[in-house]
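J.: Mind looking over this structure? Questions follow.
Just so you know, all these numbers are worked out from the coordinates, no wet-lab data involved. The structure displayed is predicted, hence computed values, not measured ones. Neighbour counts run over all protein chains shown; Cβ positions are idealised from the backbone, glycine included.
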Amino acid sequence: MSDDDRALIAATQAGLPLVARPYDSVAALLGTTGAAVRQRLADLLAAGVVRRVAAVPNHYRLGYVANGMSVWDVDDAEVDRLGELLGSQPAVSHCYRRPRKAGVWRYNLFAMLHGHSRDEVLAQAEAVAQLLGPACRAHDVLFSSAILKKTGLRLRQAI
C-alpha cells in the first residue's frame, strides 16, 4: 500500500462523513478529487485491501429497538437456496451460513431480524418459517441484550 492509500484508509476507517457529497469531503482532506477517491476505493475493493464500503444504519435511532438473531436448522442440501430467500426479506439486515456443532448447536443458517418490538420480530420469524417450508426443521430467535459498537479495521499511527 502506498502512503496515499494509507491516508485514504485513515480518512475513511471511521466511516464516510454524513454530508451530501462524502467523497468530495474526504477528497478535500486529502488534496484530491471526489472522483479520484471513489476510483481508488474501487481499486482497493477489487484488490481485496478494502473488504467493503457499506452503510451501517443505527437501527435503534431508526426505531428498531428489538433485534433478534434468528437461527434456523435447515436441510444442508437446501441451505444456499434458503439463505438467498431468507436474506432477501425486508426485515433481514444480514444472513449467513455457519457450521453445526453436533450435540451442541443444531442451527446452520442465521439471519438478523429487526423490529419495533419483540412481538414484531417473533412474527417475522414465524413468517420466515412459513416461507422456508418443510426444509426448516427448527428455529429460534436470540434477542440482543446489549448494543455493541461494530467497527472495522483501524490503522494505527507509527510512533
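J.: With θ taken as phi - 60° and the coefficients 6.51, -1.76 and 1.60, list the Karplus ³J(HN,Hα) couplings across segment 125-131 in order, rounded to whole Hz; mark glycine and proline as x.
T.: So the J values, rounded to whole Hz, are 4, 5, 5, 5, 4, 5, 5.
J.: Per-residue ellipticity at 222 nm for the chain, helices alone: DSSP H runs ≥ 4 residues times -39500 (n - 2.57), over residue total, nearest 500 deg cm²/dmol? Don't skip to the answer; put the middle values down first.
T.: Working: 5 runs with 57 residues, N = 159.
My calculation for the chain gives -11000 deg cm²/dmol from helical runs alone.
J.: Another one. Could you tell me the largest-minus-smallest coordinate of the C-alpha atoms of the chain on each of the three principal axes, in descending order and whole angstroms?
T.: 57, 33, 32
J.: Let me ask something additional. How big is the charge dipole of segment 3-47 about its Cα centre, in debye rounded to the nearest 20, if each Lys and Arg gets +1 on its Cβ and each Asp and Glu gets -1 on its Cβ? Show your work: numbers first, answer last.
T.: Values: 4 positive and 5 negative charges, 30 e Å.
Here the size comes out at about 140 debye.
J.: Highest first, please rank the peptides 134-141, 122-129 by the mean number of other Cβ atoms sitting within 10 Å of their residues. Show your work: numbers first, answer last.
T.: Values: 134-141: 14.4, 122-129: 16.8.
Highest-to-lowest ranking by the protection proxy: 122-129, 134-141.
J.: Same structure again: Considering every pair of different Cα atoms, what Kirkwood radius, in Å, is found for segment 13-102?
T.: Numbers: mean 1/r = 0.0599 Å⁻¹.
The answer is 16.7 Å.
J.: Can you tell me the length gained on complete extension of the stretch ARG118 to THR33, counting 0.36 nm per residue apart and subtracting the Cα distance?
T.: Numbers: separation 85, 0.36 × 85 = 30.60 nm, distance 4.57 nm.
This chain segment gains 26.0 nm when fully extended.
J.: Additional query: Using just the Cα positions, wrap segment 66-143 in a convex hull and report its mean projected area in square nanometres, one decimal place. List each step's numbers first, then the result.
T.: Numbers: hull surface 18.4 nm².
The directionally averaged projection comes out at 4.6 nm².
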